[in-house]
Amino acid sequence: MICCDRCFNDIEIKSIIRGLDVRQEDCPLCKNNDVYIYDTELNSELKNPFSEFLSIYSSYDEIKKVAPLFHEFSSLKEELVDTWNIFNLDKEKIINVVREICPEFYNENSDLFFKSVAVREYTQRSYIEDHSILKCNDWEEFVTEITTNIRFNIDLFNKKIFEDFLTAFERSLDHNNTPSYYRGRIVEKLSYKENEMGAPPKEKAGNGRANPKGIPCLYLADSKETSAKEIRAGLHDKMTIGVFSLKRDIKIIDLVNIDKVSPFSIDNIKAHYVNKKHLKRISAELSKTLRNNSSDIEYLPTQYVADFIKSRGYDGIKFKSTLHPSGFNLAIFDVKAFECENVDSYKIDSLSVTFEAF
Ligand SMILES: [Zn+2]
């Protein structure tokens, strides 16, 4: 069977196929043109990665023997598509491709392909407690604990595990090679000057997703458009947008592509499986917009996470913008790491609105 780099979404698999450097006009499977191909009759580079990865799963019958009450099963097809986003193919074609890539594994483990599956360790409370970022394995329970019971010395957050994950999301920003970032402010009377565009001083620093009241943090956006949306500028509002440049090399945690980590690039796939949903949730919570009248308590869970990242020596966090989905934001702990170089002031001419029934 012939498949190609574009049959896959997984960056690691794509890179293995491209590394073989065999090009073809089109792919018989996904029908894309000008592709790098992988021929299961000739190539075997994907055999081991797939066999090792798939072996994290056990079938329904196996799981029921060790965890009779466990109920969170799914099909291998759903796991490959929804949990790991490995394929860029119709779901119906996937199992066949896997069978061709690793025929021996398929023959020896046919149960996995026809019955429901789960990761055995995910059924074991002791494994979760030792390997999950959240010992309770539930974000809502963590939120309840930190907001209503134990705040500063909460035991539910597995710092060591989270710290291990951070290294996978670490990015260096070189001050010579980093593009400009932006921060907007709605103009009340006069446009703002460069020295008025930085983070508010500690006396005026309010609560943010990544900082508590009294501790300044500089929030920047990747584009003028993202920054305008982040300050929720309305029709006819005037705003000043400051253009910021990086003054020193920094190290940040990039949570933008947290759900795109390839299972083929990590050592402990089972631990990553256990934490995938927590990492995604942390990223989503940091991106979420809060209303201006949100209570201090609503900020606490992400402030706790951000504070931990800061305590480990990182300079900031990069996360998606929910108000401008193709954009992203930076929360920079050292507010002097970026400097406002110039400002532009604008008036909002028009706004586009999309809506859906709820
Ligand atoms: Zn293809």
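The values are calculated or read from the model by the stated rules, or taken from the named source; none is laboratory data. Everything numeric here is computed off the predicted structure, so don't read it as measured data. Counting neighbours? That spans all protein chains shown, and the Cβs are built from the backbone with ideal geometry, glycine included. What goes into the accessible areas is simple: the full protein's heavy atoms, side chains included, and nothing from ligands, DNA or RNA. Shrake-Rupley method; radii C 1.70, N 1.55, O 1.52, S 1.80 Å.
Once the convex hull of the alpha carbons of the stretch 249-358 is built, what does its volume come to per residue, in cubic angstrom?
That works out to 202 Å³ per residue.
Please list, in chain and number order, the residues 5+ apart from Phe8 or on another chain whose amide H is under 5 Å from its amide H, with Hs placed from the backbone.
Amide H neighbours of Phe8: Asn88.
Quick one: in the chain, what % of C-alpha pairs are over 26 Å apart?
60
Per DSSP helix of 4 or more residues, -39500 (n - 2.57); summed, then divided by the residues of the chain. What does that give at 222 nm, rounded to the nearest 500?
The helix-only estimate for the chain comes to -9000 deg cm²/dmol at 222 nm.
7 Å from Cα along Cα→Cβ at both Phe308 and Ser55: what's the point-to-point distance in nm?
Distance between label points: 3.1 nm.
Carbon and sulfur together cover what percent of the accessible area of the chain at a 1.4 Å probe radius?
Heavy-atom surface of the chain belonging to carbon and sulfur, 1.4 Å probe: 47 percent.
Quick one: which residues, 5+ away or cross-chain, put their amide H under 5 Å from the amide H of Lys213? H built at 1.01 Å from N.
Asn207, Gly208
Using alpha-carbon positions, what is the distance between the centroids of the stretch 289-326 and the stretch 41-92, in Å?
Cα centroid of the stretch 289-326 versus Cα centroid of the stretch 41-92: 33 Å apart.
Going toward the positive end of the dipole of the chain, with +1 on Lys and Arg Cβ and -1 on Asp and Glu Cβ, which of Leu166, Ser75, Ala331 do you reach last?
So the residue furthest toward the plus end is Ala331.
Considering only DSSP states other than H, G, I, E and B, which trypsin sites (Lys or Arg not before Pro) in the stretch 187-249 qualify as loop sites with at most 13 other Cβ atoms within 10 Å?
Loop-located and lightly packed - Lys189, Lys193, Lys202, Lys204, Lys213, Arg232, Lys247, Arg248.
Please go through the residue pairs Lys260/Lys288; Lys260/Lys336; Lys159/Lys251; Lys260/Lys318 and name each one whose alpha carbons sit more than 21 Å apart in this structure.
From Lys260/Lys288; Lys260/Lys336; Lys159/Lys251; Lys260/Lys318, over 21 Å: Lys260/Lys336.
Considering only C-alpha atoms, what is the centroid distance from the stretch 127-150 to the stretch 151-188, in Å?
If you average the Cα positions of each part, the centres end up 21 Å apart.
What is the projected area of the convex hull of the Cα atoms of the stretch 2-118, averaged over all directions, in nm²?
7.0
Taking the Cα centre of the chain as the origin and placing charges on Cβ (Lys, Arg +1; Asp, Glu -1), which of Ser223, Ser283, Leu235 is farthest toward the positive end of the dipole?
Leu235
May I ask you to give the solvent-accessible area per residue for the chain, in square angstrom, as obtained with a 1.4 angstrom probe?
Working: 19050 Å² over 358 residues.
Ligands and nucleic acids excluded, the figure is 53 Å² per residue.
Can you give me the C-alpha center-to-center distance between the stretch 21-39 and the stretch 227-287, rounded to a whole angstrom?
Answer, in whole Å: 33.
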